[in-house]
Amino acid sequence: MGLLNNVISVLSSAAQEALKNGSVKEIISSVSNGKSIDVASGLKAALKLGIETAATNLSKKDGFLADAAVRIGLPEEALTAFNAVQSISQNATFNSILNATGVSIPSMDTIVTLFNRAAENAAPKSVDIFTNAITNISIADAEQILFGEDNAATAYLKDNTQSQLQNAFIPSITTSLSAVKIANMTPSDAWNTYASYNNKLVELLDNSAVKTGLEIARMTGVLKDEYFEKIRNLSEVKGDLSEYVTNKALDGLFLKVSEKEADIRHNASARVSDVLQSVFGRLDNK
């Protein structure tokens with residue numbers, strides 16, 4: 001027994017010396033990497049659950065439309081045009097100018113509803129696209145992400161896969177923009193009609209007589225200064241809105257994934273698998 005204790009003592013001293021000299025760095029690195037792999041798996045599982053939950057909820061009718069946090073509104077340039085047109089249409093003289101475009105545009109509410117219906121229609125198709133990105137991503141600093149902000153994993157996914165996800169999701173959005181209908185009008189139909197109207201209005205506003213009329217209307221108070229500036233600065237818009245709706249839809253999906261991540265971090269009941277319980281359970285004692 002004495003001999004055995006002496007051997008253990010010698011080995012222990014040797015191990016401590018090795019640690020001081022860094023000669024077991026590879027062993028330490030191996031153990032550390034193994035731990036990171038477990039954490040990375042947990043983070044990926046949380047993200048996968050997040051996108052599945054997000055896609056399910058957002059694909060429901062009014063999933064995007066009724067949720068103010070993710071609702072897709074008009075592009076800024078279109079909102080400017082609608083507000084300006086609404087203002088000057090109350091004046092008979094300028095209303096005749098608007099009528100000269102020969103185009104009747106859908107209401108703002110109709111276009112917004114169609115945008116959101118397209119996103120709701122495409123949401124289920126996002127699961128495979130996100131899952132592929134999550135599976136293939138290499139999560140560096142997994143420990144730091146685990147003990148980071150409530151949305152740290154989601155933010156990491158977004159930072160490292162945004163372009164990839166956008167390119168993969170655009171075809172699904174483009175299909176939905178031509179498939180969803182309200183009163184037999186698709187989102188693409190509605191937007192193309194608006195774009196045509198806007199661009200004709202831009203041409204009209206380039207007419208010197210119209211410019212003079214607008215200036216007189218502003219000076220006499222018929223047209224508020226804020227709307228005068230908006231009208232004067234109207235510019236042509238593109239007919240293709242797939243990129244815009246895709247980016248907004250992805251923003252909404254990422255937001256919902258981040259909310260699920262926060263839920264998993266703070267609520268043990270949201271950790272529905274062994275890997276989630278194992279990895280995120282470490283946060284309970286933080």
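The values are calculated or read from the model by the stated rules, or taken from the named source; none is laboratory data. Remember, predicted model here, so these are calculated numbers, not experimental data. A quick note on method: Cβ atoms are made from the backbone with ideal geometry, for glycine too, and the neighbour counts reach across all protein chains shown. Just the protein is used for accessible areas: all its heavy atoms, side chains included, with ligands, DNA and RNA removed. Shrake-Rupley method; radii C 1.70, N 1.55, O 1.52, S 1.80 Å.
Quick look at the values:
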{"read-out": "Failed condition for N151, given (1) within 30 Å of R282 (Cα to Cα); (2) at pLDDT below 95", "value": "(2)"}
{"read-out": "Residue match in the stretch 118-133 (condition: aromatic (F, W, Y), in contact with a Leu (Cβ under 8 Å, 6 or more places away or on another chain) and modelled with pLDDT under 95)", "value": "no"}
{"read-out": "Counted residues, the stretch 142-173 - those being assigned to a helix (DSSP H, G or I), farther than 21 Å from T131 by Cβ and either open to solvent by less than 70 Å² (accessible area, probe 1.4 Å) or among the aromatic types (F, W, Y) (or both)", "value": "1"}
{"read-out": "Number of the condition not met by N184 [criteria: (1) without any contact (Cβ under 8 Å) to a residue 40 or more places away in the chain; (2) crowded, with 17+ Cβ neighbours inside 10 Å; (3) more than 26 Å from the chain's Cα centre (by Cα)]", "value": "(2)"}
{"read-out": "Close pairs (7 angstrom Cβ cut-off, 6 or more residues apart or separate chains): farther than 15 Å from V85 by Cα and without any contact (Cβ under 8 Å) to a residue 24 or more places away in the chain in the stretch 200-214, of a type outside the set (A, V, I, L, M, F, W, C) and assigned to a helix (DSSP H, G or I) anywhere", "value": "none"}
{"read-out": "Tally, over the stretch 212-265, of residues that are closer than 30 Å to L47 by Cβ and of a type in the set (V, I, T)", "value": "4"}
{"read-out": "Test: residue in the stretch 228-237 that is part of a helix (DSSP H, G or I), open to solvent by 20 Å² or more (accessible area, probe 1.4 Å), over 30 Å from Y156 (Cα atoms) and of a type in the set (A, V, I, L, M, F, W, C)", "value": "no"}
{"read-out": "Subset of the stretch 227-272 (residues that are aliphatic (A, V, I, L, M) and closer than 30 Å to L204 by Cβ)", "value": "I231, L234, V237, L241, V245"}
{"read-out": "Selected residue (only one of D67, D62 is surrounded by fewer than 18 Cβ atoms within 10 Å (Cβ to Cβ), at pLDDT 95 or above and under 16 Å from the mean Cα position of the chain (by Cα))", "value": "D67"}
{"read-out": "Whichever residue in the stretch 207-227 is surrounded by fewer than 16 Cβ atoms within 10 Å (Cβ to Cβ) and under 37 Å from the mean Cα position of the chain (by Cα) and, among such residues, is modelled with the highest pLDDT", "value": "D225"}
